[in-house]
Structures are given as structure tokens and as C-alpha cells.
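As C-alpha cells, the structure follows; a few thoughts come after it.
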Amino acid sequence: MLPITENALRGCFVNCTKGEAKRLAVPRDLAERPWPDLDFLGWRDPASRERAYLVAESGGELVGVALRVAPQANAVRRSMCSLCLTTHPGAGVSLMTARKSPQSASSVGTYICTDLACSLYLRGKKQTEPGGRLHESLTLAEKVDRTTANLAGFLHRVRE
């Protein structure tokens, strides 16, 4: 993924108003992000743990979605991210929902790594507990393609 500026981030959200996009908490470390290793930019709002944001390139443009993170019970079992297929123990995967538009009461959801670090898990730059990444015979490029296809499917459901 190419580096993104704060202005570009704020202008790409499809499911919140311009005022909401102007007020959202943008990461302060944009310049230090590992851009070559990212398939999308995702972050949690430090002021509100039930808010998260995801920005990806889709159809030649940036698409951002504001997400709500569902509260979690104390889970002792493992869960799998629907995007990157990494398994995590306990609260490592969260149900995240996105409104379809700023005025819509409809939303869509999917299970995503709670820290939104799917790209780093795929590349082995961030580790889960042992057994978090299942052994696959796919190449890294194939895993990245699968993850971006899963993400594109989610973004398509948000935008339809």
C-alpha cells in the first residue's frame, strides 16, 4: 500500500458524514507505518475502544469505512479472522460492523483481527500465540490476494 496523508484519509470515508470524518481520530504515526507491508490501513480509536477504522485501495481509489467493534464476552476459545484467516485466542478477533451509508440504519459485519494487523500477521511481522497461523501451502502473494479479495467483498457489501 502507498503512504496516505491525513487529508486523503479524511476524504475517503464512505459511511460517515464529512463532519464525522473531520472529527475521527487519525493515527499520529502515519509516516512511520510499514506501508510496503500493508494491504490496508486499519486502526482503533484510542479515545473510544468501540470505534475502529479501515482504509483500503479499491477500484483505483481509497475507500474508508468507520467500524463499530462489538463488545466481547470472555472468550476462551480461538476465533478466526474472516479477512486474513489468522486464528487468535480469546479477544483476538472481534465482530466489526459498518453502516452502509451515513443515513442508513443497515449495517454489515465481519470478524476481523481486533488490532487490524492482518497484513503483518500474513507476513510474519507480528505473531499470535503458537498455532495462530495455520500452515498453508499457498505463497505469500496468494495469501495476500485472498485477504484483499475478502476485504474487497466486505467493502462491496458496505457500499451496495
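The values are calculated or read from the model by the stated rules, or taken from the named source; none is laboratory data. Here the structure is a predicted model, which is why all the values come from computation and not from measurement. Please note: Cβ atoms are built from the backbone with ideal geometry, for glycine as well, and neighbour counts cover all protein chains shown.
Identify, by number, the condition in (1) modelled with pLDDT of 90 or more; (2) more than 11 Å from the chain's Cα centre (by Cα) that residue 147 doesn't meet.
(2)
Of everything in segment 22-63 that's farther than 18 Å from residue 96 by Cα and of a type in the set (Gly, Ala, Ser), which residue is modelled with the highest pLDDT?
31
Tell me, please, whether a residue that is small (Gly, Ala, Ser) and either free of Cβ contacts under 8 Å to residues at least 24 places away in the same chain or in a loop (DSSP other than H, G, I, E, B) (or both) can be found in segment 27-43.
No, because not a single residue in segment 27-43 is small (Gly, Ala, Ser) and either free of Cβ contacts under 8 Å to residues at least 24 places away in the same chain or in a loop (DSSP other than H, G, I, E, B) (or both).
Report, by residue number, each residue of segment 1-21 that is under 16 Å from residue 101 (Cα atoms), in a loop (DSSP other than H, G, I, E, B) and in contact with a strand residue (DSSP E or B) (Cβ under 9 Å, 6 or more places away or on another chain).
12, 14, 15, 16
Here's the yes/no breakdown for (1) out of contact with any helix residue (DSSP H, G or I) (no Cβ under 8 Å at 6 or more places or on another chain); (2) β-branched (Val, Ile, Thr); (3) modelled with pLDDT of 95 or more:
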| position | (1), (2), (3) |
| --- | --- |
| 87 | yes, yes, no |
| 117 | yes, no, yes |
| 131 | yes, no, no |
| 134 | yes, no, no |
